[in-house]
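Notes for the one structure printed next.
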Amino acid sequence: MDLQLSGKSVLVTASSKGLGRATALEYAREGARVTIASRNADHLEEAFEDIKRQTGASVHRVQLDVADAGSIAAAVRSAAEAHGGLHVLVTNAGGPPGGGFGDFIASGDAAWEAAFQSNLMSVIRLIREALPYMREGQGGRIVNISSVSIKQPIADLILSNVFRAGVYALTKSLATEYARDNILVNTVAPGRIATDRIRQLDERIASQKQLSLDAVEAQFLTAIPIGRYGTPEEFARSVVYLGSFANTYVTGQALLVDGGMVKSL
Ligand SMILES: NC(=O)c1ccc[n+]([C@@H]2O[C@H](COP(=O)([O-])OP(=O)(O)OC[C@H]3O[C@@H](n4cnc5c(N)ncnc54)[C@H](OP(=O)(O)O)[C@@H]3O)[C@@H](O)[C@H]2O)c1
């Protein structure tokens with residue numbers, strides 16, 4: 001299948017590592033002109049060189065803190081200037097810290113505000129900045145990376161549970177509003193995909209429960225019918241299809257990439 005991404009300008013945020021980086025790499029493999037963006041300049045440079053080396057694609061990099069409105073506006077502008085407009089936006093951010101219902105009474109406003117800025121307001125701001133370019137280019141594709149917490153709250157991740165639901169609601173609302181502009185908006189929700197973040201979350205549980213890391217993973221695997229964690233590449237392929245111009249009729253949807261973990265209909 002031709003994903004019709006050749007020469008298209010794609011911005012993937014939070015993309016020096018993990019899911020964002022794998023997604024940027026897949027877009028570059030499809031011949032898109034990709035902009036990667038995250039905070040740490042060294043990590044960004046390393047990802048930039050690696051994607052260029054693996055694909056030979058035209059890659060641009062820009063430092064970005066998704067919690068900062070000015071930084072978002074500058075990054076979207078930079079991507080559009082580097083690659084002649086913006087056809088595809090993949091919104092991604094670092095995940096909120098763990099901390100479960102046991103901490104709720106003690107949780108201060110600062111943690112809620114930080115998660116709101118990084119995991120919901122960033123998506124709103126990125127899309128607001130990107131839409132004028134997409135309208136100018138007669139269409140666009142937006143994929144919001146969220147979490148399976150949109151369907152089933154995750155223990156110990158209340159900040160994710162609350163704000164990811166907002167991302168899903170935003171996805172559906174904007175899909176309705178912008179379909180006539182040929183701008184399709186979807187969300188892709190990872191379950192347990194093997195990245196640094198998942199390892200850190202597993203290590204946290206291991207230390208809390210005095211278990212080995214292998215034992216923690218084994219517990220999660222009992223709930224995953226496919227029987228293993230996913231790879232970032234497997235996740236990225238789902239994002240790239242929904243966020244491609246081969247996708248002409250799927251909008252407002254949430255695709256769970258979770259090996260069958262979530263059981264709700
Ligand atoms: N992996 C999974 O299975 C899974 C499951 C559910 C949800 N998620 C969510 O998916 C997202 C990506 O997860 P991941 O596993 O790929 O995480 P990861 O491996 O920790 O990578 C996070 C990436 O985000 C960047 N980042 C963090 N904070 C940022 C900020 N304020 N501004 C710009 N970039 C920022 C990091 O670079 P810098 O630190 O240099 O900025 C890094 O490139 C997270 O929100 C996570 O909660 C992942």
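The values are calculated or read from the model by the stated rules, or taken from the named source; none is laboratory data. Treat the numbers as computed from the prediction; the structure is a model and nothing was measured. A quick note on method: Cβ atoms are made from the backbone with ideal geometry, for glycine too, and the neighbour counts reach across all protein chains shown. Quick note on the areas: whole protein, heavy atoms, side chains included, nothing else; ligands and nucleic acids left out. Shrake-Rupley method; radii C 1.70, N 1.55, O 1.52, S 1.80 Å.
Taking all protein chains as present, what is the carbon and sulfur share of the accessible area of the stretch 64-159, in % to the nearest whole number, probe 1.4 Å? Present the calculation step by step, with values, prior to reporting the outcome.
Working: 2240 of 4040 Å².
Result for the stretch 64-159: 56 percent of the exposed heavy-atom area is carbon or sulfur.
Near ASP156, within a Cβ-to-Cβ distance under 12 Å, what is the net charge of the other residues, with Lys and Arg +1 and Asp and Glu -1?
Working: positive: ARG204, LYS209; negative: ASP103, ASP202.
So the environment of ASP156 carries a net charge of 0.
Report ASP68's accessible area, 1.4 Å probe, all protein chains in place, as a number in Å² to the nearest 10.
70 Å²
Looking at the chain as a GNM with Cα springs under 10 Å, which of ARG237, ARG204, ARG192 has the largest mean-square fluctuation?
ARG204
Does the stretch 74-140 classify as rounded, prolate or oblate by the C-alpha gyration tensor (a ≥ b ≥ c root eigenvalues; a/c under 1.5 gives rounded; else a/b over b/c gives prolate, otherwise oblate)?
On the way: a/c = 3.68, a/b = 3.47, b/c = 1.06.
Note, shape of the stretch 74-140 comes out prolate.
Starting from the Cα-Cα distance between MET1 and TYR249, subtract it from 0.36 nm times their residue separation and give me the gain in nm to one decimal.
On the way: separation 248, 0.36 × 248 = 89.28 nm, distance 1.55 nm.
Fully extending the segment from MET1 to TYR249 adds 87.7 nm.
Could you work out the relative contact order of the chain? I mean the mean sequence separation of Cα pairs under 8 Å and 6+ apart, divided by the number of residues, in percent.
Numbers: 525 pairs, mean separation 55.1, N = 265.
Once divided by the residue count of the chain, the mean separation gives 21 percent.
Give the relative contact order (percent, whole number) for the stretch 66-137; include only Cα pairs under 8 Å separated by 6+ residues.
Values: 52 pairs, mean separation 41.5, N = 72.
Relative contact order here is 58 percent.
Under a 10 Å cutoff between Cα atoms, tell me which one of PHE163, PHE116, PHE220 has the largest fluctuation in the Gaussian network model of the chain.
Judging by the Gaussian network model, the answer is PHE220.
For Cα pairs less than 8 Å apart in space and 6+ apart in sequence, what is the mean separation divided by the residue count of the stretch 112-199, i.e. the relative contact order in percent? Intermediate results must be reported in sequence, preceding the final value.
Details: 90 pairs, mean separation 32.8, N = 88.
With pairs under 8 Å counted, the relative contact order is 37 percent.
Please give the contour-minus-distance gain from ILE124 to GLU177: 0.36 nm per residue of separation, less the Cα-Cα distance, rounded to one decimal in nm. List each step's numbers first, then the result.
On the way: separation 53, 0.36 × 53 = 19.08 nm, distance 1.41 nm.
Extra length available between ILE124 and GLU177 comes to 17.7 nm.
Quote the FRET efficiency, to the nearest 0.05, computed for GLU49 versus ALA206 with a Förster distance R0 of 35 Å and r equal to the Cβ-Cβ distance.
Working: r = 33 Å, r/R0 = 0.95.
Working from the Cβ atoms, E equals 0.55.
Mind pulling up the Rg/Rh value for the stretch 8-103? Radius of gyration and Kirkwood radius, both on Cα. If you can, show how the numbers build up before the last one.
On the way: Rg = 13.7 Å, Rh = 13.4 Å.
Rg/Rh for the stretch 8-103 comes to 1.02.
Amide H to amide H, which residues 5 or more places from LEU255 or on other chains are under 5 Å from it, using H placed in the peptide plane?
HN-HN under 5 Å from LEU255: THR187, VAL188, ALA189.
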